[in-house]
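For reference, the structure discussed in these notes is given below.
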Amino acid sequence: MTKFISRLKDLSGKFNAGVSNEPVDTPVGNKEEPVDTPIDDKEQDKGERDASRHRRQLKRNLLRLKRFSTQELPEIVKKPFTGENPLYHQRRFWLALGVGGGAIALSFAGWSLESSLPDTSDALTLMRPETLTIKASNNKILQQIGPATRETLKIDKIPQQLIQAFIAIEDRRFYKHQGVDYQGVLRAAFSNLVARDVVEGGSTITQQLARMVFLDQERSVWRKLKEVRTAQKIEQENTKDQILERYLNLVYLGEGAYGVADAAWVYFSKPVYELTLSEMATLAAIPPAPNQYSPIKNPQAIKERRNLVLQQMQEAGFITATEAEKAIAASLVTKPSLPKRLERFAPYFTEYIQQELPKHVSPEAIKAGGLTVETTLKPEWQEAAQKAVIETVEESGRGQNFEQAALVAIDPRTGEIRAMVGGKDFYKQQFNRVTQAQRQPGSTFKAFVYTTAMAAGFTPYRGYLDAPYKVDGYTPKNYSEDHLGWISMRDALISSINVVAVKVLVDVGWDTVIDVAHKMGIESELKPTYSTALGASEVNLLELTSAYGTFATQGMHTKTYGIRRVLDRRGNVIYEAKFKPDRVLQEDTSAIMTWLLRGVVNEGTGRAAALDDRPVAGKTGTSDEARDLWFIGYIPQMVAGVWLGNDDNKPTWGASSTAAYTWNKFMVKVVKDIPVEKFPERPTDLEGRKPQLTIKPIKPKSIFSGSIISKNSDDDDTPRRSRSRRTRDSDGSSSEETPRRRRYRTSSVQSSSQGEPTRRRRRRQEVQSQEESRPRYRRSRRQANTNSQSQETPSNSSRSYRRSRRQASTSSQESAPVRRRSRRRASSDSTSSSAQPRRRRTYTPAPPAPRAPRRTTESAAPPPAPPAARKEN
């Protein structure tokens, strides 16, 4: 109405013609002024008179329109439905109404159908909604979940007779129709009616493909209409060969087999190109009822159906009568196998991927399914890792008392996980020891302590005293239980000296060390304690290996990941990894640490990991009682970590060198395709480097330092973990005793012309006669009384945790060596020239040796090492 009024205003001049100038009666109550007010022509010009006339005419038209809308229009509308012959009594009214209404309804239904149809442009690539496919970096399928096809074939790789078998029984006029075969529908209906059974389908192959990819199995007219229209659209957008290829790769053929390639393996354990004509006809007979026509469950039913397929092939001219008869006469022999889609490669890794997927993809997308996950795994490396783990457990596990092993390899430049083995056998236990096991890293954590020191400007030749040490009640002990005296940080790391590591932690502060470790990739909680320097806080193998990768990339750290991309069922990328490296260490700090860790492999505890053709850096680690055996090593292009141990945390009898050897077995195979790269050179100027971080030294309440008990001992073949030692008397009898951890050691040396007892020590050492004893830390040595007479003063033998070695007497006269006997007292009568049999006696401990006074000191940087300790090895 508003538009109409506006139009009237614009065309008001046109309505003036033939309109009376007589005034229009105004209804009662109208407050408007009279429309025919006289105008003085003398006072107005011609333009004003025209404008006045137009206004008056417009007002008249508006009044007439108002009167028509309220009085005349209703009468015009009502007239056909009233009176003697109303419109609804006429047949033509209802006919027109029916035709018009039907046309409107059909138009709406058609619009609704078209709008509900799926987008068929991706019919050849769309994944089923219930599936999940996990692929390796080379597109090898690692695992499939749901109704997915494991092996897809191109149309030219599918035998022609197999194609003809499906066409003959499912859609004989496949190459003649445009998605819907109306003749085929009538023919199928007639055949089924005559046979009183479903012997032929009415749906074309294209219709079946539309149902498999886009629709469900609902039985309704609406779903059938959608199927028909979808099939027509597929035919318009794709060739016949493309449709046929897609169908043969997706069709469900029972027993978990999707596609002809999977079915050939499930029923006959052979590829499709080896199938006989009888076997091809068998596969083509399955689609109408996969459970009913299963060759494994119902061989008689499938045999009858197979013969029908062969007859249809003969009628269609695909095979001769002789070929049909021969195939019908052939017996049906199956050789069942599990579907390939149920096979899993790298199961620990694929399980990890499924756990990581919800972090990157919405729950709705996961529930909808049809996802394809592209991962970082390299199958060749994975096979080498699995072999190394299994061989280590089988060859060394029983002898060293460990049952499990784990290995992970990472590309430190990108953060991609390239191999992951979480245990010996996934199908017996799914616990992933790479990502789920939290274990004490032992000495591998020392790398973070020393890294913090190097970043703070310390020189690797800074000297520390390796001696008995106690700080705030905590007493670190070296694995060998010996002390080396003054030693540089470099040598302490190579020899894995625990005391020095704790002293370095005190100097730089545990808060600083924890912060550096977290920036390098450690995600687990690290506790601010002195034992943190020795790996007391638990971590997992993945994060520890990732952190070591920071050294390989000259201080750059990239978060580790296993998922590159996730595609939805239409092939759209819904997630893509885009992790960027962060600099957490300066290049010179990283180069110094690599130089130090190379020393561990070349000279220290990691020798078993060395490679012949390239440099290697890494660190071994062993937790308390060898419960965990570690080695984390790297080359410039890759970092890998190995863990050995038991799930119940039982001690092992092994050493971290076994883990280093496992690392070596893995790396020897994978580096064949990796070019040799050298590590960056170590900075030449190690003194006076500018600190790159602010340290927070610890201020202990008390520090106790003892003197060194013995010099560095030679290697002993006796196991260090032995809890007992066996001594042998002169008569050949043996006894076994168990030492206590805290002990005193005394020595007695005498000169005599007769045979005298001597000590077995780990290192043979010269002892001067008439040497006075010196006080030792928690150990005492009884003063040796020597004289020229052939008289022996009784003395107590020392108590020791390990077996001791034979010690040569320093007497000027020849002495007869005897075995050391602990906790026994030598006979006071030893003047006889022949040794008498000794009896076991009760040991009376000597009075405790005086302790060095306890002193409290403030934290201070240790004095520099002696000049000898600064020489580069």
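Put a dot 7 Å past the Cα of Lys140, heading toward its Cβ, do the same for Glu383, and the two dots end up 0.6 nm apart.
Once the piece of chain linking Asp216 and Leu193 is laid out straight, how much longer is it, given 0.36 nm per residue of separation minus the C-alpha distance between them? Walk me through the intermediate numbers first.
Numbers: separation 23, 0.36 × 23 = 8.28 nm, distance 2.64 nm.
Using 0.36 nm per residue and subtracting the Cα-Cα distance, I get 5.6 nm.
Charged neighbours of Gln207, selected by a Cβ distance under 12 Å, balance to +1 (K, R count +1; D, E count -1).
Apply 1/(1 + (r/R0)^6) to the Cβ-Cβ distance of Lys470 and Gln438, taking R0 = 30 Å, and write down the FRET efficiency to the nearest 0.05. Calculated transfer efficiency: 0.55. For the stretch 450-472 and the stretch 252-305, what is the separation of their Cα centres, given in Å? Cα centroid of the stretch 450-472 versus Cα centroid of the stretch 252-305: 72 Å apart.
Taking label points 7 Å from Cα along the Cα-to-Cβ direction, Ala316 and Leu186 give a separation of 2.1 nm.
When every Cα-Cα distance of the stretch 438-509 is counted in 10 angstrom steps from zero, the calculated P(r) takes the values 19, 56, 23, 1 percent. Ranked from largest, the principal axis spans of the Cα set of the stretch 375-436 equal 38, 20, 18 Å. At q = 0.18 Å⁻¹ the log10 of I(q)/I(0) for the stretch 511-625 amounts to -1.04, computed by Debye summation with a single uniform scatterer per C-alpha, solvent ignored.
With 10 Å bins beginning at zero, the pair-distance distribution over Cα atoms of the stretch 245-335 amounts to 18, 52, 29, 1 %. Using the average count of surrounding beta-carbon atoms within 10 Å as a protection proxy, the listed peptides 660-667, 246-253, 671-678 rank, highest first, as 660-667, 246-253, 671-678. Most tightly packed first, judged by the mean number of other beta-carbon atoms within 10 Å of their residues, the peptides 260-269, 223-232 read 260-269, 223-232.
Subtracting the Cα-Cα distance from 0.36 nm times the residue separation, let me have the gained length for Asp582 to Lys240 in nm, one decimal. Don't jump to the answer; show the numbers that get you there.
Working: separation 342, 0.36 × 342 = 123.12 nm, distance 5.29 nm.
Fully extending the segment from Asp582 to Lys240 adds 117.8 nm.
For the stretch 397-419 versus the stretch 510-545, the inter-centroid distance based on Cα atoms is 19 Å. Computed over all pairs of different Cα atoms, the Kirkwood value for the hydrodynamic radius of the stretch 311-448 is 19.6 Å.
Here the extension length gained between Gln355 and Glu681 equals 113.3 nm, from 0.36 nm per residue of separation less the Cα-Cα distance. In this simple spin-label approximation, Ala329 and Ala96 carry label points 7 Å from Cα along the Cα→Cβ vector, and these lie 7.7 nm apart. Using equal-weight Cα scatterers in the Debye expression, the normalised intensity of the stretch 332-400 in log10 at q = 0.11, 0.21, 0.24 Å⁻¹ is -0.49, -1.00, -1.12. Computed on the Cα trace of the stretch 579-651, the radius of gyration divided by the Kirkwood hydrodynamic radius gives Rg/Rh = 1.05.
Each reported figure results from applying straightforward, stated rules to the coordinates on display, with no laboratory input. Nothing here was measured: the structure is a model prediction, and the numbers come from that model. All Cβ positions, even for glycine, are placed from backbone atoms using ideal geometry, and neighbour counts span all protein chains on display.
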